[in-house]
Amino acid sequence: MVWISVQLSGTHTKRINSIMAYSEKVVNRFRDVLKDPKAHGVGRFDPKDPNIATGMTGAPSCGDVMKLDLKINPETDVIEDVKFKTYGCGSAIASSTMFVEMLKGITTDEAQQIKDKDIANALELPPIKIHCSVLAEESIKEAIENWDEKKATRQLNS
Ligand code: FES
């Protein structure tokens with residue numbers, strides 16, 4: 001475990017100190033993303049591309065948001081590439097990058113089998129941060145729903 005001390009200053013008088021235990025995996029992933037965001041899938045695809053599906057989810061408990069773009073092969077439903085934008089904590093960023101790696105090369109059906117617990121376990125998230133990985137699971141569900149809608153519209157128009 002790596003201990004990170006976070007000190008937040010309020011407007012004038014309020015000061016909060018908190019200490020959170022993060023696994024080294026979370027810290028290393030977060031640092032890697034900061035060093036080279038594009039290499040870790042940070043960004044977005046052209047929203048006009050018909051082979052892009054998008055999911056966006058917010059975490060009600062903290063207000064953080066993840067937007068996930070999947071580039072999908074329309075013949076095979078294989079996810080060929082993934083990009084994300086996450087406004088959130090280190091655990092949410094680390095979970096997002098892990099999800100990007102897990103999703104590349106699998107089908108949309110296989111992607112739906114990935115659960116937030118798989119990500120949380122892989123990253124050794126502390127219990128108080130489990131909800132951060134839920135953002136990723138919810139975003140993939142949304143993106144696949146978006147993909148299914150696009151496919152249905154395509155079939156109606158063909
Ligand atoms: Fe909001 Fe982690 S604290 S996603």
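Taken together, the values in this text are just the output of simple stated rules run on the coordinates, not laboratory data. As the structure is a prediction and not an experimental result, all values here were calculated from the model. Cβ: placed from backbone, ideal geometry, glycine included. Neighbour counts: every protein chain shown.
Of all DSSP beta bridges in the stretch 23-157, what percent run antiparallel (nearest 5)?
95 percent
From the phi of every residue in the stretch 49-59, what ³J(HN,Hα) in whole Hz does the Karplus formula 6.51 cos²θ - 1.76 cosθ + 1.60 yield, where θ is phi - 60° and glycine or proline is x?
Karplus-based 3J(HN,Hα) across the stretch 49-59 equals 5, x, 9, 9, 10, 10, x, 9, 9, x, 9 Hz.
Over 24 Å between Cα atoms: which of K25/K71; K48/K115; K85/K115; K35/K141; K48/K151 fall into that group?
On the way: K25/K71 27 Å; K48/K115 29 Å; K85/K115 19 Å; K35/K141 29 Å; K48/K151 15 Å.
In this structure, K25/K71; K48/K115; K35/K141 exceed 24 Å between Cα atoms.
Output ³J(HN,Hα) for the stretch 68-85: one whole-Hz value per residue in order, computed from phi by the Karplus curve 6.51 cos²θ - 1.76 cosθ + 1.60 with θ = phi - 60°, and x for Gly and Pro.
Karplus-based 3J(HN,Hα) across the stretch 68-85 equals 10, 10, 10, 9, 10, 6, x, 7, 10, 6, 7, 7, 8, 8, 9, 9, 9, 10 Hz.
Amide H to amide H under 5 Å from V78: which residues, 5+ apart in sequence or cross-chain, H placed 1.01 Å off N in plane?
Residues meeting the criterion, in which the H sits 1.01 Å from N, are N73.
Add -39500 (n - 2.57) for each DSSP H run of 4 or more in the chain, then divide by its residues: what number comes out at 222 nm, to the nearest 500 deg cm²/dmol?
Roughly -13500 deg cm²/dmol at 222 nm, from the helical runs in the chain.
Between D36 and V65, what FRET efficiency follows from the Cβ-Cβ distance if R0 is 25 Å, with the result rounded to 0.05?
0.65
Please give me, ordered by residue number, the trypsin sites (Lys or Arg not before Pro) of the stretch 102-158 that lie in loop per DSSP and have at most 16 other Cβ atoms within 10 Å. Display every interim value, and only then the final one.
Details: sites: K104, K115, K117, K129, K141, K150, K151, R154; in loops: K104, K115.
Here the sparse-neighbourhood loop sites are K104, K115.
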